[in-house]
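Trainee: This is the structure I want to talk about, given as structure tokens.
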There are 2 protein chains.
Amino acid sequence: MFESAEIGHSIDKETYEKEVAVLREALLEAQYELKQQARFPVIILINGIEGAGKGETVKLLNEWMDPRLIRVESFLLPTDEELSRPPQWRFWRRLPPKGRTGIFFGNWYSQMLYARVTGEIKDSQLDGLINDAERFERMYSDEGALIFKFWFHLSKKQLKERLKALENDPTRSWQLSEIDWKQNEVYDKFVRYGERVLRRTSRDYAPWYVVEGSDERYRSLTVGRTILESLQAALKRKDRPTPQPHAAPLVSSLDNKGLLDALDLSLSLDKDQYKEQLAKEQARLATLMRDKRFRSHSLIAVFEGNDAAGKGGAIRRVTDALDPRQYRIVPIAAPTEEERAQPYLWRFWRHIPARRQFTIFDRSWYGRVLVERVEGFASDADWLRAYAEINDFEEQLTNYGIVLVKFWLSIDQDTQLERFKERESIPFKRFKITEEDWRNRDKWDLYVDAVGDMVDRTSTEIAPWTLVEANDKRYARVKVLKTINDALEAAYASAKKGKKD
Amino acid sequence: MFESAEIGHSIDKETYEKEVAVLREALLEAQYELKQQARFPVIILINGIEGAGKGETVKLLNEWMDPRLIRVESFLLPTDEELSRPPQWRFWRRLPPKGRTGIFFGNWYSQMLYARVTGEIKDSQLDGLINDAERFERMYSDEGALIFKFWFHLSKKQLKERLKALENDPTRSWQLSEIDWKQNEVYDKFVRYGERVLRRTSRDYAPWYVVEGSDERYRSLTVGRTILESLQAALKRKDRPTPQPHAAPLVSSLDNKGLLDALDLSLSLDKDQYKEQLAKEQARLATLMRDKRFRSHSLIAVFEGNDAAGKGGAIRRVTDALDPRQYRIVPIAAPTEEERAQPYLWRFWRHIPARRQFTIFDRSWYGRVLVERVEGFASDADWLRAYAEINDFEEQLTNYGIVLVKFWLSIDQDTQLERFKERESIPFKRFKITEEDWRNRDKWDLYVDAVGDMVDRTSTEIAPWTLVEANDKRYARVKVLKTINDALEAAYASAKKGKKD
């Protein structure tokens, strides 16, 4: 894998200067075209051996191109904010928008390699991280991103010479990183695990480019040319290929019976029962959220449901129990311009709560397989792959200890009609009903199918759906509260069990 | 994930009979169209809870469709032949050809679940197997296959009733499998790990279909309809979408210096050195192959190289040391009709040696990134994804303990010309030189690039390439033998070390 990056590539000064002049011109042009089209982002991952010119090359790229359109991100020590969220969060928040370029220094690969070389993790954990990286890059590429992965390489002998030079140069010796590269074993381990990582993550949609780092001119020109040729090719292809996946279209249940039909919508509570149970569950929630075991968790509640199913009311009964500093409600409407310039999960990642916090999503990432599917806002290929991407996303959340509860509030068509009419007739409720609500109502059956598929494909052992019988608002509100409380208790119990094991 | 398969779906007899008549007709028609087009194979994986009607459904599918075009494969106890090869081998050998349908009972999913439920493997190993399955299915789908994965489900209560019924029916009680389903924990574990497996492997190109198994009519019709609709959709799409990957085209090295240029082709041995060293290495090989430690290994040697680089002669010097029963030579020419009806790796999988055997590939799976790339026989998308697929393939081989050595025999253009002319002038060598050889020679530079990329991307820590300086045949032959011997010794040593650790 690294053989051809140890043969002493070099380029003479004259050739270099001639080539660079042309290259810079072309790179700038491609960069502006990228901005103009604003169809996809470019991400450049920088990895490899210490002293192989990673920093210098990035610096040069910034000189060659328009630095206003490039952002260099280095991921050194995570901030407090980052530490209190799933490890993927810090990368997501810095993804470049469409039309721009992000250079990621110290990305997920450097972290997994560092952890493996220092013995912090074992092979099986490394393989897990490799797999995560692969899934992320596949998703990112499916969303249109152009991904470069550069590995700057030096032979062991070259590294030694390099380290010596750095040592004697007081202005540069600070560049040496935390791993002690002077140790022979460090190089060997780094290269061995590096080969494993490169072998498994070099895929057609996100290949690695191994660059010999000893000759500055060769190295710089190689990186510049690789970026240029790939970028030009991508800019020429006007359409992102979104093939119809080679798989069965989803069909509605043959006996016209679905999960939603199996709900007993007559379930209800009378006023006294409601009052008593609501008070009890609210008190329970307040206690659970103040429990010191909550410190190693956070909580996300997702609310989806039919129009007029009572999401707002249910959310209010949850928050009534809490201090406003304890929770945040994120209402999901049409994405902003900034959000549209990112992969669709980005706008949810940005709202992921820190440890000890509680975020309520009023509608959520499931929009992609509900409204976007039904209305045709997303192509078939896009919403069909979303189920797996969402499951991956939720696994990342729950792996970090986030307690995730997901509600579908379900009412029948008659109840909806009643509530629509009521809303229209009561002045202070009129803002709640729009033309769109009536249009959605016409697509009732399409939504039934979409909800069924959604639950079938994303109700998992780590993040199950709770279907809430919501014809009776009282019953629904109590069930929501109780489900959240049970989930918190289960998380506390399993964390305790985990410690004992 | 299983919720909607526990609500008691059912279909009445009258509806069923009406629907089935139409369905059978349409299925047969689609099946013939599939055979006619012969563009892709169909594979149907059957998994799920014991007693949920897996066997009955497969039987029914065979009745409904033309059984000559379907093959049901059940993977119970592996044969001796299968046990002595990598675990993937038994699945590869039974893949259906294009135009046909294979029903896989007891496939990779049942095996990983069985192993996890019985505690034979742990979570991290399960995740590894899940990842392997994902890579295989991605490759198989990229090669055009239409993949169905059915999970037949029963609730715990339904299972209990079912088991009781089976117990009391002497003609059917043999159906109960090795796991004791009567134990409550077995069901719970099976469903829990099943959810994990389904969640991670349900991707857009190979989704799972969960089918409630309690009502025979509902179950049968659902499976039949799912297959029909998907098959019809796939048959309609005449072209397999092969998007140009969104990644950099490969560019040749900027200083026109590659690995091959770095070889010292003047290396040579005189006659006496050759005689002595050849005898020594041949004796060493004979000894190593008789070593009892070879029993837990097998050996594959891959020979690639320039035309007239002396592959045949080198192979002969290897086999001269051995008894003909110890090795097999597989010359790779154009694929047969049968081979063309399979994924491109299939024709190599079929020749993978059993334990204690030695297979020599005279040209190999690298044809895809050499001749097929240079001649345009494979699309860019196809050969670009091949690097990663080949690395996955070789990992499966080496994980099983196969020692894999890969040679590129390299000569320069002058030497090739000399040898071509010699071949033409000597009558008994004339058969060795063809028009094609001369044509390939014109594409020398394209091959140099292809070889460089191949080595860069597939010379891995588990299966490195050995570049052989072959202007001097004697030198080349000795180097080949020595490399094989060293690889065997290293494998014996690391197996010993592995045991100690």
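The values are calculated or read from the model by the stated rules, or taken from the named source; none is laboratory data. Since this is a predicted model, take the numbers as computed values, not measurements. Virtual Cβ from ideal backbone geometry, glycine too; neighbours counted across all protein chains shown. Calculation scope for accessible area: heavy atoms of the full protein, side chains included, ligands and nucleic acids excluded. Shrake-Rupley method; radii C 1.70, N 1.55, O 1.52, S 1.80 Å.
Trainee: Check off (1) crowded, with 17+ Cβ neighbours inside 10 Å; (2) under 28 Å from residue A:97 (Cα atoms); (3) modelled with pLDDT under 95 for residue A:361 and give me the number that stays unchecked.
Mentor: (3)
Trainee: Out of B:354, B:341, B:314, I need the residue that is at pLDDT below 95, crowded, with 16+ Cβ neighbours inside 10 Å and of a type in the set (A, V, I, L, M). Which one?
Mentor: So the residue among B:354, B:341, B:314 that is at pLDDT below 95, crowded, with 16+ Cβ neighbours inside 10 Å and of a type in the set (A, V, I, L, M) is B:341.
Trainee: Also, quick follow-up: Tell me, which helices (runs of 4 or more DSSP H) wholly within segment B:276-356 include 2 or more residues that are assigned by TED's automatic domain parsing to the domain that holds residue B:87?
Mentor: none
Trainee: OK, next. Which members of segment B:378-397 meet the condition of being away from chain A (no Cβ under 11 Å) and under 30 Å from residue B:494 (Cβ atoms)?
Mentor: Hits for segment B:378-397 are B:393, B:396, B:397.
Trainee: Moving on to the next point. Yes or no: residue A:188 in a helix (DSSP H, G or I), free of Cβ contacts under 8 Å to residues at least 60 places away in the same chain and more than 8 Å from chain B (Cβ to nearest Cβ)? Break it down into steps so the answer makes sense when it comes.
Mentor: Numbers: in a helix (DSSP H, G or I): yes; free of Cβ contacts under 8 Å to residues at least 60 places away in the same chain: yes; more than 8 Å from chain B (Cβ to nearest Cβ): yes.
Yes.
Trainee: Additional query: Give me the pairs, please: first residue somewhere in segment B:61-73 and farther than 21 Å from residue B:91 by Cα, second residue anywhere and assigned to a helix (DSSP H, G or I), beta-carbon distance under 7 Å, and either six or more positions apart or on two chains.
Mentor: B:64/B:24; B:64/B:27; B:64/B:224; B:65/B:27; B:65/B:28; B:65/B:31; B:66/B:28; B:66/B:31
Trainee: What number of residues within segment B:364-404 satisfy the criterion of being open to solvent by 20 Å² or more (accessible area, probe 1.4 Å), polar (S, T, N, Q) and in contact with a Lys or Arg (Cβ under 6 Å, 6 or more places away or on another chain)?
Mentor: Qualifying residue count for the region: 0.
Trainee: As an exercise: evaluate residue B:305 against (1) away from chain A (no Cβ under 14 Å); (2) open to solvent by 20 Å² or more (accessible area, probe 1.4 Å); (3) touching a helix residue (DSSP H, G or I) at 6+ places or on another chain (Cβ under 6 Å) and give the number of the one condition it does not meet.
Mentor: Exception for residue B:305: condition (2).
Trainee: Count, please, the residues in segment B:15-29 that happen to be within 13 Å of another protein chain (Cβ to nearest Cβ) and of a type in the set (Asp, Glu).
Mentor: The total comes to 1.
Trainee: Being among the small types (Gly, Ala, Ser), in contact with a helix residue (DSSP H, G or I) (Cβ under 7 Å, 6 or more places away or on another chain) and more than 14 Å from residue B:344 (Cα to Cα) is the filter here; which residues of segment B:365-415 pass it?
Mentor: B:401
Trainee: How many of the residues making up segment B:443-480 are in a helix (DSSP H, G or I), at the interface with chain A (Cβ under 9 Å from one of its Cβ atoms) and open to solvent by less than 30 Å² (accessible area, probe 1.4 Å)?
Mentor: So the count comes out to 3.
Trainee: Same structure again: Restricting to segment B:382-403, what's the tally of residues that are outside any loop (DSSP other than H, G, I, E, B) and farther than 21 Å from residue A:198 by Cβ?
Mentor: Total meeting the criteria: 3.
Residues are listed down the side, and each one gets a yes or a no for (1) more than 24 Å from the chain's Cα centre (by Cα); (2) assigned by TED's automatic domain parsing to the domain that holds residue B:347; (3) part of a helix (DSSP H, G or I):
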{"residue": "B:103", "(1), (2), (3)": "no, no, no"}
{"residue": "B:109", "(1), (2), (3)": "no, no, yes"}
{"residue": "B:124", "(1), (2), (3)": "no, no, yes"}
{"residue": "B:130", "(1), (2), (3)": "no, no, yes"}
{"residue": "B:144", "(1), (2), (3)": "no, no, no"}
{"residue": "B:157", "(1), (2), (3)": "yes, no, yes"}
{"residue": "B:163", "(1), (2), (3)": "yes, no, yes"}
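Trainee: Now a separate question. Which pairs turn up if I take residues in segment B:103-125 that are farther than 29 Å from residue B:60 by Cβ and within 14 Å of chain A (Cβ to nearest Cβ) and look for partners that are open to solvent by 60 Å² or more (accessible area, probe 1.4 Å) and modelled with pLDDT of 90 or more with beta carbon separation below 6 Å, at least 6 apart in sequence or on another chain?
Mentor: B:124/A:124
Trainee: From the list B:38, B:21, B:26, B:30, exactly one residue is farther than 30 Å from residue B:157 by Cα, open to solvent by 60 Å² or more (accessible area, probe 1.4 Å) and among the small types (Gly, Ala, Ser). Which is it?
Mentor: Of B:38, B:21, B:26, B:30, the one residue that is farther than 30 Å from residue B:157 by Cα, open to solvent by 60 Å² or more (accessible area, probe 1.4 Å) and among the small types (Gly, Ala, Ser) is B:21.
Trainee: Quick test for you: out of B:119, B:99, pick the one residue that is open to solvent by 40 Å² or more (accessible area, probe 1.4 Å), assigned by TED's automatic domain parsing to the domain that holds residue B:200 and assigned to a loop (DSSP other than H, G, I, E, B).
Mentor: B:119 is the lone residue from the list that is open to solvent by 40 Å² or more (accessible area, probe 1.4 Å), assigned by TED's automatic domain parsing to the domain that holds residue B:200 and assigned to a loop (DSSP other than H, G, I, E, B).
Trainee: Sticking with this structure for a sec: So is residue A:82 open to solvent by less than 30 Å² (accessible area, probe 1.4 Å), charged (D, E, K, R), more than 14 Å from chain B (Cβ to nearest Cβ) and free of Cβ contacts under 8 Å to residues at least 12 places away in the same chain or not?
Mentor: Values: open to solvent by less than 30 Å² (accessible area, probe 1.4 Å): yes; charged (D, E, K, R): yes; more than 14 Å from chain B (Cβ to nearest Cβ): yes; free of Cβ contacts under 8 Å to residues at least 12 places away in the same chain: yes.
In short, yes.
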